[in-house]
Structure formats: C-alpha cells, structure tokens
Amino acid sequence: MTAVLAPPPRGPVREGGRPGPRRTRTADHLAGWGFAAPAMVVISLFGLVPVVWSFVLSFQETDLTSPGTFAGGANYAKLAQDPMFWDAARRTLVYTVLFVPITMVLALPIAVLLNQRIRGITLYRMAVFVPLVTSTVATGIVFSWLGNPQFGLVNALLQGIGLPKQGFFQDPGQALYVVVGMTVWGWLGFAVIIFLAALQNVPQDLMEASALDGCGRLQSFWHVELPQAAPASGFLLVWLTINGLQLFDQVYVTTKGGPLRATTVLVYHLYNEAFVSFDGGYAAAIGCVVFLVILVFTVVQLRFNRRTSHFEVR
Amino acid sequence: MTALQVRRRSRRPSALHLILLPISLVMIAPLVWMVLVSFSTQAEARRFPPGLPSGLEWHNYADAWNDVPLGSWLYNSTVVSVVCVVGNLVLCSLAGYAFARIRFIGGRVAFLAILATLMVPFQIVMLPLLIMVREVGLSDTLGALIAPNLATAFGVFLMRQFFMTVPRELEEAARIDGASRLRILLQVLLPLMRPTLATLAVLTFLQTWNDFLWPLIAIHSPGSMTVQIGLQSFQGAHTTNWPKLMAGTVLSQVPVLLVFFVAQRFFVRSVASVGIK
C-alpha cells in the first residue's frame, strides 16, 4: 500500500570532492545511531525484549510477582490437555471466521458507494467512519444498553416486526454472535477506508475505457474495480484476522467472558489465567501460541498474496 | 463522451441517497442513543419500548462528574495522550529520518527489527511489561502508561516513508551551506512534514486515549486511572443508573470526537496508511 519510489539516479558514486570519505562515514554512523537511538531504545525495550521474555516465562512456574522457577514444558503440556483452552480456541475461531468475512463483504459495497461524487458524501463518510474512533469501552457500554433483554432498542425493533425478545449478551447461545455484530460495527469504517483508498487508485482512464467498451456500472465494478481492490482485500484479511484473534476489550466490557463462558475467547482465557488464577507461566504459553498462529497466518497470507495479485496498489 | 457521463452521473444521486442514508443512520444510531440516554430520566432509560427523553436531564452529567473522579480520569488520559503524541512526533521523526537518509552500520537490521514488532500481539508483551514497570517503580503510575508508548514502530515506519518521498536536492543545498543534519531536519524538512506529523499525532492520540488492556492491568488506584478504565469500573458499580453512566461515556468520547471532526482528513489518511484500534 505504500509508495515504493525508485532510488534516485546516483550517477558515479561520490562525484564532487567530499573531503575524507572515511571521516564522513564515521560521522554517518554516529549521526544515524544518534537519530535512531531514542526510538530504538523504546521500541526494543518494550516491543522486542518482552517477546523473548514471554517465551522464557512460558517455561516457568510464576505468579508474575515473585521470581519464577523453571518448569520445563509443563505449561505447554497443560495447555494441550486443558479443555478450557481448546474451548476458547474454538470460540476464537468461530468469532474470527464470522467477523472477518462479514466486515469485508459489507465494507466493499459501502466503499464503492462512498466513492461516488454526490452531494452530502462527506457526511455519509463521517457517519461510516465515526464508530472507528469510539473507544471499545464506550462501544461496549452502549451496546449493553442497546441489547438489553428487558428494555434494549434492538428488542423493541424485533417486537416491531413481530419477533420475540432475545437475551443477546445474556444468552449463552447468542452472546458470541452479538459480540461479532458489535465488533463489525466498530471495524467496518476501517475496512471501508482501506477499500476506498484502493478504489481511488483505480486509474480514471481504465474506468472510461470500460465505459467506452460498453460496460455498465455493475460490469465495470466487477471487471475493473474489483480486481484493482484485490490486494487491499489481502491486506484487510490479514489485518482483521490478526485483530480478531486478539479479541478482548469488547468481551471484557460486555460479558466478562460469560454467560457460561460463552464468550471466553483465547485472550480472555489468557487474562483469566494471568490475573485471576495468577498462573503467569501458563498465560505466557497461551500468548506464545497466539503469537505463533498470527505469525504463521501472516507469512502464509503474504506469500499467497504476492503470488496472486497482479495489480499492485499504488 | 465525457459530457454524456457527467450528465448521467448527475441524475443518479437520488437513488444512492436511498441506500446511503439508511446505512449512515445504522452506523450512527448507537452513538445517537448514547447521547439520548444520557439526557433521560432513569425511568425513561428503562422504558420499553424506548423513546425520546421528555426533557434534558443535564444533572446526569453533574451527577456523573461528582460521583466518580471523572475530572481526574480525563486529566490523566489527557496527560498520557499528549505526552505520547509529543514523544512520537519527536522520536519517530528523528528515527524515520535516520532510516531514510543516513547509511549507518546496523541501520537496515535495526529498521527490520522495528518492522517485525508490528506483528507482535500486545498480549505477549504485556506480562513482561508488567514485571518491568514494577521493577523500575512505575507500577500504578501514569509513567507506566507513557513509557512503552513514547515511540511506536508504526510511527517510525510512517515517518521513514515520508522522508523517502522528499527529493534529496532539497537538503543538498543546505548541506553545501554547511548546515547540520538536525538543522536541515528542523528548518528544511519540518515545514514539509506538517501533514504527515498531523497524521501521526491524530493516530497516536486516538490510540492512547482509547487504549484499554494495558491501563487495565497496569493501573489499580482510581487516582491513576485513565478515563477508559475509570468508565469501566464505573460501569461495574453503577449498571442500574444508565443515564449517569451514559453521561460519563459521552464525556469520555468528547475529545476523540473533537479530534475526529477537526482532523478528519488526517484521520482517514492515518487509517489508510495502516490500521488503528
């Protein structure tokens, strides 16, 4: 998605007599590290070191407050046999498999609509984007009210069309799907922006050419715009999946993993193990597994993407 | 041909409004009801089917403000967000410039290492992070929320991409005049960087303001809570008083909504350049 500029033509390297190339180089190294060091320190201290540390923790027995003891692969053995882990993994999978495609399928037509130059389009765009800046806590609180079984707005709408009241967050059979709906609302604007950026990169002459060839609006969408948006969907698939696998905030605010653990997804299980059961080593092991899944998925998807996309989004 | 197209397009809108209007209403409905409930009486908020409030119960806002330390939560969130925005603007510009313009030993490896952290989920980082802040005595302080977010991999990446697009000739003239790199950065490049800096600022602000999981585990005392965590504890304690809770929720969202409306252009750009939330 980023502009890759061709390196500027250099000509003969070092034209013009710069004095003492060696001195300049040392100065370059110093300047480079001097400029980069502050950010490097923050990012490696809080972004890289903890990854290794977490891996170490996952082989320990620790409550995170006192020094841990080496436990070998005990945490991973526990994980393999922990039915709660596998249940959480299954729910995470169900959630992600619903959340990602629903968001993408809804976002593409909306992006096409928002790409038209009509009166009031700025307002429509704002309406679609505004949930993105709404915090997960505010989203959770508002949806708890909207989906309240006794007096929520959604039940009023259901009754309006003759359907019975539902339990939503309080119904073990529905809660996970309600969380899907809530997070789709929160992420839709993001997917729309990504698609919109891709669509706006479709060269205008390509659209005009297809119109000249007698393509209707729908046909040009299908044959011209959609292929152009393909790399964007690859990116979205990765990004939404990564975020779907990490679902936590919205569950914490609305259902606390319930009812009857119906919304206890992987990261919620991790949180429980670390901060309710104080089993830090086991929680770290869960974290490492989530990381591994994300890593494998991302690498495979990026490979696949590179092979299949003929059009690069500029 | 183009004239034909233009005419055809100008007649189309009416139909599109019929689709776009309902979509927009569905998207903003939850926020509209958030505001409506915040002005309702308690009875109105629990009435079925729900309707419009009969009057404006402003006291819900006063009650929320007085019942919980909403003022200090908002203050804490502001401090954390503003410091992180400034930190990101400064540190990411410096590093981005170095990675784009200076060839130095280990520079490429360092940049790749930074990029790699973009893939690391926060849940794997947070447990060691918790131990670290405790060891240095930052536990339960705003410092614990600020330090890890002073510079972000995404910010460095964004700034580097920006510097790659600036023609070298711009700096070369200044270099020949003997200006130092820092002076070039401040006096030649900074004026060009404004839109990119605005993008980074908006993104960092929204992210730190809305951050949830890290403050949730790093902060315990009400006095150090950010508004998101405070609101969450408020919700746990006052689920029965919906209008008051919604009033607090509205107040917690006012700053991000302001940023969104004022800087929408930069917001859209920041999302388009890589995701938030």
What list of ³J(HN,Hα) couplings, whole Hz, do you get for the stretch B:113-129 from phi and the Karplus terms 6.51, -1.76, 1.60, once you set θ to phi - 60° and write x for glycine and proline? 4, 5, 4, 4, 5, 4, 8, 7, x, 5, 4, 7, 8, 5, 5, x, 4
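What number comes out for the charge environment of residue A:63, summing +1 per Lys or Arg and -1 per Asp or Glu over other residues with Cβ under 14 Å away?
Values: positive: B:134; negative: A:61, A:273, A:279.
Around residue A:63, the charge tally is -2.
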Give me the distance between the Cα centres of the stretch B:47-106 and the stretch B:123-142, rounded to whole Å. 21 Å
Give the dimensionless ratio obtained when the Cα radius of gyration of the stretch B:133-277 is divided by 2.2 N^0.38 Å. 1.38
Segment residue A:213-residue A:122, length gained on full extension (0.36 nm per residue, minus Cα span): 29.6 nm
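Taking the convex hull of the Cα atoms, report for the stretch A:83-308 its projected area averaged over all directions, in nm².
Projected area, direction-averaged: 15.4 nm².
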Between residue A:81 and residue B:237, what is the spin-label point distance in nm, taking each point 7 Å from the Cα along the Cα→C-beta axis? 4.3 nm
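Averaged across B:96-109, how many Cβ atoms of other chains sit within 10 Å of each residue's Cβ atom? Each step should come with its number before you reach the end.
On the way: counts 3, 4, 10, 5, 0, 4, 10, 4, 12, 6, 5, 6, 0, 0.
Rounded to a whole number, the mean comes out at 5.
Find the relative contact order for chain A and round it to a whole percent, using C-alpha pairs within less than 8 Å whose residues are 6+ positions apart. Can you show the working numbers first?
Numbers: 329 pairs, mean separation 87.8, N = 314.
Value for chain A: 28 percent.
Please compute the contact order of chain B in relative form: average sequence separation of alpha-carbon pairs under 8 Å and at least six residues apart, divided by the residue count, as a percent. Don't skip to the answer; put the middle values down first.
On the way: 252 pairs, mean separation 86.0, N = 277.
That works out to 31 percent.
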Two decimals is fine: what's Rg over Rh for the stretch B:134-208, C-alpha atoms, Kirkwood radius as Rh? 1.14
Using Cα pairs closer than 8 Å and at least 6 residues apart in sequence, work out the relative contact order for the stretch B:16-57, in percent. 32 percent
Please compute the net charge surrounding residue A:282, taking Lys and Arg as +1 and Asp and Glu as -1 over other residues with Cβ under 10 Å from its Cβ. -3
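Going by average Cβ neighbours within 10 Å, how do the peptides A:130-142, A:148-160 rank, with the highest at the top? Can you show the working numbers first?
Details: A:130-142: 24.8, A:148-160: 16.3.
The packing order, highest mean first, is A:130-142, A:148-160.
Shielding of B:25-37 by partners, i.e. mean partner chain Cβ atoms within 10 Å per residue? Spell out each step's value before the answer.
Values: counts 1, 4, 12, 5, 5, 13, 7, 1, 5, 8, 1, 1, 5.
Average neighbour count from other chains, rounded to a whole number: 5.
Please quote Rg/Rh for the protein assembly as shown to two decimal places, taking the Kirkwood radius as Rh and restricting both calculations to Cα atoms. List each step's numbers first, then the result.
Details: Rg = 25.7 Å, Rh = 26.1 Å.
Here the Rg-to-Rh quotient is 0.98.
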Distances longer than 18 Å among the Cα atoms of the stretch B:68-174: what percent of all pairs is that? 62 percent
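Coordinate-derived values only; no laboratory data. Note that the coordinates shown come from a computational prediction; the quantities given were computed from them, not determined experimentally. All Cβ positions, glycine included, derive from the backbone under ideal geometry; neighbour counts span all protein chains shown.
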